[in-house]
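Step one of this worksheet: look at the structure below.
The values are calculated or read from the model by the stated rules, or taken from the named source; none is laboratory data. Quantities reported herein were computed from a predicted structural model and do not represent experimental measurements. Every residue, glycine among them, receives a Cβ derived from its backbone with ideal geometry; neighbour counts consider all protein chains shown. Areas reflect the complete protein model, heavy atoms only, side chains present, ligands, DNA and RNA absent. Shrake-Rupley method; radii C 1.70, N 1.55, O 1.52, S 1.80 Å.
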Amino acid sequence: MKLLLLINLTFKSLLNRRFTAGLTILSISLSVFLLLSVETVRSEARSSFANTISGTDIIVGARSGSVQLLLYSVFRIGNATNNIGWKSYEEITAHPLVEWHIPISLGDSHRGYRVMGTTTDYFEHFRYARDIPLEFAIGEPFAGVYGAVIGADVARELGYQLEEKIILSHGMQDTHFSKHDDKPFTVVGILEKTGTPVDRTIHVSLAGIEALHIDWQGGTRSKKTISAEEAMQMDLQPRQITAFMLGLKSKMAVFRIQRAINEYRKEPLLAILPGVALGELWSLIGVAEKALLIVSVLVLVNSLVGLLTVLLTSLNERRREIAILRSLGCRPIHVFILLTTESFLFGVLGCLFGAILYYVLLLAGQSLFVEQFGLYIPITWFGMYELMIFGLVMATSLLIGFVPGYRAYRHSLADGMAIKL
Amino acid sequence: MTENVLQISDLRFRWPNSQRDLLAISSLSVNRGEKVFIKGASGSGKTTLLSLVGGVHVPTAGEIRLLGKDITRLSLSRRDHFRADHIGYIFQLFNLIPYLSVLDNIVLSCRFSTTRAEKALRQSGSLEEEALRLLDHLELGDRQFLRQPVVNLSVGQQQRVATARALMGSPEFIIADEPTSALDSDVREKFLALLIQECELADSTLLFVSHDSYLEPAFERSLSLQSLNEAVSA
């Protein structure tokens with residue numbers, strides 16, 4: 001009975017102070033929203049990260065660091081320090097346990113997008129996320145020397161259609177001198193969106209890469225130029241590639257093959273297991289992720305301290321009100337409950353509005369996230385983590401309420417019937 | 001028939017960390033229906049005396065019998081309960097809870113006491129009707145007035161609403177602590193007359209504390225705290 005009355009009084013009192021109360025609730029809502037969002041971004045980034053490659057057992061490159069190899073072969077970030085001889089590639093892939101292999105030749109670009117030389121095996125064997133193969137939105141794999149297959153982001157951002165002629169550049173610069181403008185490529189296929197670096201890649205044949213560089217020496221064009229048609233008549237067998245991916249017939253053989261490649265005598269090679277290297281890379285990135293989490297926790301702590309400040313400030317104004325309630329027979333414990341309920345209510349409303357804000361923005365931004373970042377964030381009911389945040393915020397706000405509650409309790413005993421102003 | 005409703009004997013009170021007594025009253029008794037004026041300068045312990053009678057504080061020694069019950073022996077919660085059931089309080093100023101309407105403020109006294117709620121219902125059938133009846137007697141009987149936020153009221157109106165709250169459910173005791181000192185002199189007498197008249201109607205005993213001896217003639221009995229209190233400092 002009394003509890004209902006006290007809750008009713010709390011509501012009316014809060015309504016009376018709706019501006020400060022509103023701001024305090026807003027501050028708590030925003031921190032709850034921040035914590036929810038950070039967790040979503042964290043888990044989505046992590047799964048999207050783990051989704052970039054799947055099904056590949058081993059990646060091989062010139063000897064360097066495993067994270068570096070992973071970065072340039074899968075994420076198209078950074079450059080290889082060295083190449084691999086074609087002979088080594090042929091020898092290793094001839095191993096009876098190798099089921100499929102994809103060569104990767106990097107080093108060129110088109111308007112900021114990386115160009116990757118490979119074979120049509122790439123479209124057949126490469127898998128991402130949960131074993132999903134690459135699909136063509138339109139067109140087909142390249143067949144000729146000068147065919148190019150572009151990722152979904154490349155097509156969308158540059159507005160490319162099939163039959164578009166594109167000029168590749170040497171290296172990552174887009175200057176006139178570095179352009180392979182004598183040998184334009186034709187877009188023959190556009191891939192479906194994957195949400196992986198594949199979307200930002202231009203795929204061409206190894207022969208195409210070879211043709212581009214047939215008249216280049218040491219990073220610049222040689223005097224004697226060879227036209228696109230002439231090049232097609234020449235031997236376009238590549239001599240070097242940057243890296244290659246392997247799929248094995250038996251998962252049991254992974255470590256054996258990895259060791260064999262690492263001990264390959266003719267050339268210093270490095271074989272990495274994508275899962276392990278992803279883990280290493282994630283532990284590096286994880287620091288930023290943790291920093292983000294710590295900052296959001298601090299924001300929450302800050303707004304809860306703000307709550308305490310607001311409650312204690314209002315307590316002085318409410319001493320009069322408490323004396324009136326006491327004169328009417330309100331017990332000190334009721335005064336305690338009155339103030340604690342108020343604090344708890346702040347916590348509950350903060351969580352409620354934080355969650356509403358989170359869902360509203362998620363609903364509104366879902367398609368934007370997919371378009372901009374290839375990040376599909378499913379709208380799900382709250383999991384353990386979210387419920388834990390809510391529980392923690394509400395429990396803390398209740399505990400915070402004990403401070404003004406206890407002070408008011410003491411006041412109500414000491415003040416008696418005197419109204420302190 | 002005179003019934004003794006308040007009997008104070010050998011009361012002494014001092015604050016926990018004080019060296020000397022603030023109050024020492026060997027005997028004071030008030031009969032049912034009496035309207036008692038207690039005169040005292042500010043700082044003379046008036047409010048403390050009212051806190052003791054209201055059961056908010058407990059005396060250091062002595063007995064306070066209210067309606068035949070020694071409230072100094074009751075537990076804290078029983079005293080709060082006792083106060084809710086039997087005492088109506090009117091303060092000097094700021095009697096009303098600012099975020100409640102006039103009606104909500106008046107019926108609040110019945111929210112903490114089922115005894116008073118029942119009495120009010122017996123009187124008028126509903127709490128709202130009883131509030132309206134009391135306000136009408138206090139010359140504020142407009143139904144529109146009930147829904148008003150109390151911040152819009154003048155001080156005189158506020159004190160009358162506070163009086164209605166104190167009278168709700170006809171408690172045996174009305175304790176008024178300088179209720180008129182914030183009022184203009186012309187409003188003051190009218191307010192006092194209404195207060196006394198309502199206490200008569202409700203058969204409530206009135207303890208009225210003030211420093212203002214000008215009001216004294218309106219009461220049938222007048223006491224001076226100074227002569228009552230034997231602990232007066234030198």
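Listed by chain and number, the lysines whose alpha-carbon sits under 20 Å from that of A:K2, ignoring those within fewer than 8 places in the same chain, are A:K12, B:K119.
From the P(r) of chain B, can you give the percent of Cα pairs sitting at distances over 21 Å? All intermediate terms of the calculation are to be shown ahead of the outcome.
Numbers: 15171 of 27261 pairs.
That tail contains 56 percent of the Cα-Cα pairs.
Let me check I've understood the local charge: for B:R143, count other residues with C-beta under 11 angstrom from its C-beta, Lys and Arg +1, Asp and Glu -1. What total comes out?
Details: positive: B:R147; negative: B:E128, B:E129, B:D136, B:D142.
Summing Lys/Arg as +1 and Asp/Glu as -1 gives -3.
Give a quick list of chymotrypsin sites (Phe, Trp or Tyr not before Pro) in the stretch A:42-76 that DSSP marks as loop, anything other than H, G, I, E or B, with at most 13 other Cβ atoms within 10 Å. Don't jump to the answer; show the numbers that get you there.
Working: sites: A:F49, A:Y72, A:F75; in loops: A:F75.
The qualifying sites: there are none.
As an equivalent ellipsoid, the stretch A:58-272 spans semi-axes of 28, 21, 15 angstrom, where each value is the square root of five times an eigenvalue of the C-alpha gyration tensor, largest first. For the stretch A:210-272, the list of trypsin sites (Lys or Arg not before Pro) that fall in a loop by DSSP and count at most 11 other C-beta atoms within 10 angstrom reads A:K223, A:K224, A:R239, A:R265, A:K266.
Accessible surface comparison of B:D186, B:D21, probe 1.4 Å, protein chains only, largest first: the order is B:D186, B:D21. Per the accessible-area calculation with a 1.4 Å probe, the total area buried between chain A and chain B rounds to 2500 Å². The residues of chain A present an accessible area of 48 Å² per residue when probed at 1.4 Å with all protein chains retained.
Distance from the Cα centroid of the stretch A:262-334 to that of the stretch B:163-205 is 56 Å (rounded to whole angstrom). Ignoring GluC sites (Glu not before Pro) that are buried or in helix or strand per DSSP, and keeping those with at most 13 other beta carbon atoms within 10 Å, what is the longest stretch of chain B between them? Excluding the exposed sites themselves, the longest stretch runs over B:4-138. Relative to one another, the C-alpha centroids of the stretch B:9-51 and the stretch A:108-122 are positioned 96 Å apart. Accessible surface for A:D121 stands near 50 Å², nearest 10, in the context of the full protein assembly shown (1.4 Å probe). Taking 19 Å as the straight-line reach from the Cα of A:K224, the lysines in range (excluding those fewer than 8 positions away in the same chain) are A:K179, A:K183. With all protein chains kept in place, the per residue accessible area of the stretch B:88-195 amounts to 37 square angstrom at a probe of 1.4 angstrom. Summarising the amide proton neighbourhood of B:I90: residues at separation of 5 or more, or on other chains, whose placed amide H is nearer than 5 Å comprise B:I175, B:A176, B:D177. Looking at the stretch A:1-107, the trypsin sites (Lys or Arg not before Pro) that sit in a DSSP loop and have at most 16 other Cβ atoms within 10 Å of their own Cβ are A:R63. Considering the stretch A:61-157 at the alpha-carbon level, its Rg and Dmax are found to be 14.5, 43 Å. Between the stretch A:11-65 and the stretch A:144-202, what is the separation of their alpha carbon centroids in Å? When both Cα centres are located, 34 Å separates them.
For every other residue with a beta carbon closer than 15 angstrom to the beta carbon of A:I132, add +1 if it is Lys or Arg and -1 if Asp or Glu, then tell me the sum.
Working: positive: A:R127, A:R130, A:K193; negative: A:E124, A:D131, A:E135, A:E192, A:D199.
Within the 15 Å Cβ shell, the charges total -2.
The three principal axes of the C-alpha atoms in the stretch B:30-113 carry coordinate ranges of 41, 31, 26 Å, sorted with the longest axis first.
I want the local charge near B:Q92. Using Cβ-Cβ distances under 10 Å, sum +1 for each Lys or Arg and -1 for each Asp or Glu among the other residues. That works out to -2. Using equal-weight Cα scatterers in the Debye expression, the normalised intensity of the protein assembly as shown in log10 at q = 0.06, 0.07, 0.11 Å⁻¹ is -0.57, -0.63, -1.05. Based on DSSP H segments of at least four residues, each scored -39500 (n - 2.57), chain A has a per-residue ellipticity at 222 nm of -18000 deg cm²/dmol. Between the helical axis of B:127-137 and the longest alpha-carbon principal axis of chain B there is an angle of about 80 degrees.
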